[in-house]
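This report concerns only the one structure given below.
Computed from the coordinates by the stated procedures, all read-outs in this text should not be read as laboratory data. These figures come from a predicted structure and were not determined experimentally. So basically every Cβ, Gly included, is an ideal-geometry build from the backbone, and we count neighbours across all protein chains shown.
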Amino acid sequence: MIQLTQVKRVSPLRPLQTVSLANKVQGVYRPERNESYMTVNITAKKIQVTQAFSDYATKKIEAKLDRFFSGDADCKVTLSEQKNMITCEVTVRTAGLIFRSEQKAADKNDAFDACIDRIIRQIRKNKTRVEKQLHSSFKGSFDDVVEEQADFEVVKHKKFNLRPMSEDEAILQMNMLEHAFFMFRNAKTGEINVVYRRDDGNYAVLEPSEA
């Protein structure tokens, strides 16, 4: 039987509000910081978050990412460990946009640094579009010439019937089609779901949620 490792509920995006956070809430490290900076949440799974790493990550986010966004931005750092490798995921949410990077390394600082560099590259490649989307929330500026990504081009629109099926059946159909994802109507809930293959080879399902 195919085993799902993750189910995500996806809701419409909306601007986030800056909140006042305590230093530790339910095991999640949340650094005390100046209100002018981005809100930073650091979470660990099967690994201990040290004060040294929390300080390092917070200072680097302030130095590298804070200059791009206004105070309503939220940055979440998640660390996990598997087979002596550290996986770091950095997600920045602001004014309806999400920037995300996931990197692996033997050292958590190296994995975190790679995530930050990746997000900066995303911003650089899409500077004009990001600036248009975020308006006054975007503070990005580059001293050098930025080579932006070419215009997005939709080359195909496809329609198909969404017949009810189980998650196992949807995964089987996705694999038979050799696709990386598959949209289907969940036979149990009647909702439209998307199953996809994760980078680690496992499967996950996207489910809609109310705003």
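Details
- Sum of side-chain charges, R163 neighbourhood, beta-carbon under 11 Å (Lys, Arg +1; Asp, Glu -1): 0
- Separation in nanometres of the label points that stand 7 Å from Cα toward Cβ, at S80 and D110: 2.1
- The simple Förster model, with R0 at 25 Å and r as the Cβ-Cβ distance, assigns E207 and K156 a FRET efficiency of 0.45.
- Summarising the amide proton neighbourhood of R198: residues at separation of 5 or more, or on other chains, whose placed amide H is nearer than 5 Å comprise Y203, A204.
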